[in-house]
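In what follows, a single structure is set out as structure tokens and then discussed.
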Amino acid sequence: MAVTGGSDLSSEMEVDAFRRLFPLRFHERHLLESIRPDGRSLGKARDTTIALGAVTSANGSALTKIGCTTMLAAVKLEVMTPTQESPDEGCIAVDFHMPPICSPAVRPGRPSEVAPVVAKQLSDVILSSGMINLKDLSLVSGKAAWMAYLDIYCLDADGSLFDAALLSAVAAFSHLQIPVVSLSDEGRIVLVPEGNGGGKFEKEPVNKEKRKLKLCTLPFSLTCALHKNYILADPTSEEESIMETQLTVVLDSSGLLVSLNKPGGSVFAHTSVIQDCVALARQRLKEVKLILNEAISDMDVD
Amino acid sequence: MAAKGGAAPATYSPSLTTSKEKRRAPLFSEADWVRPDGRGFHQCRLAFMRTAAVNSASGSAYAEFGNTKVMVSVFGPRESKKAMMYSDVGRLNCNVSYTTFATASRGQVSDNKDFSAMLHKALEGSIILESFPKTTVDVFALVMESGGSDLPVIISCASLALADAGIMLYDLVASASVSYLGKNLVMDPITEEESYQDGSMMITCMPSRNEVTQLTLTGDWSTPKIHEAMELCLDACSKLAKIMRSCLKEAASPSQVEE
């Protein structure tokens with residue numbers, strides 16, 4: 001990463017020392033010039049990449065990077081018996097993990113405090129946004145349905161964890177390939193072997209047409225750090241630790257608001273600030289949609 | 001409907017593995033068979049390794065050997081835990097974990113503690129612990145996908161991450177394993193081959209010093225076979241060490257011209 005600031009090498013050390021000793025002043029001097037230490041303008045998010053199918057042991061997976069923040073999401077499908085209350089619905093279990101490799105702050109055996117918070121937020125957004133119709137996960141009404149385990153691992157934590165995690169989750173679901181299953185004589189669900197597609201299998205598959213999960217709408221998010229009257233889109237972990245508060249906006253693919261979250265902090269957010277954040281999230285939505293579509297079409301070519 | 005519905009949910013799961021384990025593959029006992037991925041018996045999987053995979057760590061590496069994908073971060077040298085006794089030499093702390101989707105059936109990994117201890121023992125001898133007294137170096141590994149021969153990949157990847165972190169080492173540590181299947185020795189086995197194996201050998205060594213830091217042997221072996229297996233592993237280790245070395249050189253050279 002290129003660090004702007006001291007242009008000649010002689011002052012390099014001093015800048016680094018200043019940054020460590022007076023992080024707030026260091027950042028505020030940047031903000032006065034409407035630029036951030038990594039060279040971004042205030043409203044710009046970091047470079048984003050999506051790679052689909054990163055893990056072959058899962059039914060769907062994706063690796064996303066927003067700047068240095070890296071997330072690996074994978075979906076595994078298992079067959080379950082649906083509950084009595086909703087016999088024709090499947091189920092989605094969302095979990096977010098921060099293994100010790102992702103940050104110096106996480107030690108083995110002592111789970112990070114952030115992880116459960118992000119996990120709850122993710123599960124709320126994914127289930128409430130209407131991205132997946134749980135009825136699509138049903139196989140045989142009342143008898144069998146898919147249980148989708150979505151596990152997201154943070155491989156490198158450098159701020160805006162929720163944004164990266166949500167993007168990887170959405171990408172993993174768009175990559176999901178539902179295995180073909182059929183009903184055996186004893187009424188059990190059995191997997192149809194992959195290579196047997198051409199040759200006639202003795203039992204008719206239950207879900208021949210439904211190999212891809214239909215995603216009704218896709219939620220995308222943008223986290224903004226708020227500091228005095230500045231709004232910084234997609235903050236790094238350094239910025240997150242210094243700034244006064246944060247605001248996360250989640251929009252669906254048509255631009256409608258799904259969720260808004262301001263987790264406390266020392267300052268209030270004015271209505272105008274919230275509107276500005278939503279406007280930034282709208283812009284970001286277009287960018288991310290394009291990147292995801294590109295990743296999906298690259299996948300189809302292969 | 002109630003009769004069928006009453007069955008435990010587990011009976012529904014479409015797992016291929018349970019049926020496979022019961023039937024021992026007759027294929028492997030024959031003289032000539034082809035490996036599932038089409039490799040020769042003594043051929044290793046393609047190895048891909050990169051350093052600096054995790055920005056927030058002091059050093060890190062990513063390794064991909066076939067379907068085995070591992071990421072290792074190194075933190076430190078940093079302050080030892082408060083409860084630790086004073087120590088003139090540095091400490092090494094290792095931890096291995098698996099993702100829930102690493103194996104074919106979800107959440108079936110139990111031997112993490114075992115792997116952590118093995119990783120510690122394999123690396124300990126290669127690190128100049130005197131160079132960071134009173135402090136600890138943490139080596140954390142995450143297996144993103146388990147495709148067989150996990151531990152050798154973890155060890156080699158961890159050694160590369162240690163070098164990336166600038167920890168003083170006597171030499172890089174490379175590791176390789178061999179499975180004894182029927183009459184054949186199979187190099188760098190995948191999960192399927194490991195599940196049918198009659199015996200296994202893993203060697204961890206420092207190739208340029210010609211020293212072995214760890215050797216494990218399981219199963220029923222004859223002395224000539226052990227000898228053959230050792231030769232195979234040591235050869236693979238020295239080749240792997242070359243790959244690791246060139247990976248470090250590559251990472252060091254273009255850093256000056258980075259934009």
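The values are calculated or read from the model by the stated rules, or taken from the named source; none is laboratory data. Remember, it's a predicted structure, so these values are computed and weren't measured experimentally. Note that each Cβ is placed from the backbone with ideal geometry, even for glycine, and that neighbours are counted across all protein chains shown. The protein model used for the area step is the full one, side chains on, heavy atoms only, and it has no ligands, DNA or RNA in it. Shrake-Rupley method; radii C 1.70, N 1.55, O 1.52, S 1.80 Å.
Out of the strands (runs of 3 or more DSSP E) lying entirely within segment B:59-156, which hold 2 or more residues that are facing chain A (nearest Cβ under 9 Å) and closer than 22 Å to B:SER195 by Cβ?
Because the criterion is at least 2 residues that are facing chain A (nearest Cβ under 9 Å) and closer than 22 Å to B:SER195 by Cβ, the strands (runs of 3 or more DSSP E) in segment B:59-156 that meet it are B:135-145.
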Go through the residues of segment A:47-60 one by one and say whether even a single one is under 19 Å from A:ALA225 (Cβ atoms) and facing chain B (nearest Cβ under 10 Å). no
Considering B:THR68, B:THR51, which residue is at pLDDT 90 or above and either of a type in the set (Gly, Ala, Ser) or farther than 17 Å from B:ASP150 by Cα (or both)? B:THR51
Taking A:GLU78 and the conditions (1) charged (D, E, K, R); (2) surrounded by fewer than 17 Cβ atoms within 10 Å (Cβ to Cβ); (3) over 14 Å from A:TYR153 (Cα atoms), which numbered condition does it fall short on, given that it satisfies the others? (2)
So which pairs qualify, if the first residue must be in segment A:119-131 and β-branched (Val, Ile, Thr), the second must be open to solvent by less than 20 Å² (accessible area, probe 1.4 Å) and part of a loop (DSSP other than H, G, I, E, B), the Cβ gap must be under 6 Å, and the two must be at least 6 apart or on different chains? A:VAL125/A:PRO219
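Output the residue which, of all residues in segment A:177-191 that are closer than 21 Å to A:VAL55 by Cα and surrounded by fewer than 18 Cβ atoms within 10 Å (Cβ to Cβ), is nearest to the other protein chains (Cβ to nearest Cβ).
A:LEU191
Residues being assigned to a loop (DSSP other than H, G, I, E, B) and charged (D, E, K, R): count how many of those fall in segment B:182-212. Lay out the reasoning, then the answer.
Keep residues of segment B:182-212 that are assigned to a loop (DSSP other than H, G, I, E, B), which gives B:182-183, B:188-190, B:197-198, B:210.
Subset that is charged (D, E, K, R): B:183, B:188, B:198.
Qualifying residue count for the region: 3.
Based on what the data block shows, is B:THR216 in contact with a strand residue (DSSP E or B) (Cβ under 6 Å, 6 or more places away or on another chain) and of a type outside the set (A, V, I, L, M)?
yes
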Run A:GLY90 past the list (1) under 17 Å from the mean Cα position of the chain (by Cα); (2) away from chain B (no Cβ under 11 Å); (3) at pLDDT below 95 and report the number of the one that doesn't hold. (1)
Quick one: which strands (runs of 3 or more DSSP E) sit completely within segment A:164-241 and have at least 2 residues that are at pLDDT 90 or above? A:220-227, A:230-233
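What residue, among those in segment A:276-293 that are without any contact (Cβ under 8 Å) to a residue 60 or more places away in the chain and more than 17 Å from the chain's Cα centre (by Cα), is least open to solvent (accessible area, probe 1.4 Å)? First the steps, then the outcome.
So in segment A:276-293, the residues without any contact (Cβ under 8 Å) to a residue 60 or more places away in the chain come out as A:276-279, A:282, A:286, A:290, A:293.
Now narrow it down to the ones that are more than 17 Å from the chain's Cα centre (by Cα): A:276-279.
On the way: A:ASP276: 82, A:CYS277: 0, A:VAL278: 26, A:ALA279: 53 Å².
Per the stated criteria, the residue is A:CYS277.
Filter segment A:133-160 down to the residues that are more than 12 Å from chain B (Cβ to nearest Cβ) and over 13 Å from A:LEU77 (Cβ atoms), then identify the one that is surrounded by the fewest Cβ atoms within 10 Å (Cβ to Cβ). It would help to see each step written out before you state the result.
So the first thing to find is which residues in segment A:133-160 are more than 12 Å from chain B (Cβ to nearest Cβ), and the list is A:133-138, A:160.
Adding the requirement that they be over 13 Å from A:LEU77 (Cβ atoms) leaves A:133-135, A:160.
Working: A:ASN133: 14, A:LEU134: 17, A:LYS135: 12, A:SER160: 28.
Checking each candidate, the answer is A:LYS135.
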Residue among B:THR213, B:THR204, B:THR191 that alone is within 14 Å of chain A (Cβ to nearest Cβ), buried (at least 18 other Cβ atoms within 10 Å of the Cβ) and on the phi < 0 side of the Ramachandran plot: B:THR191
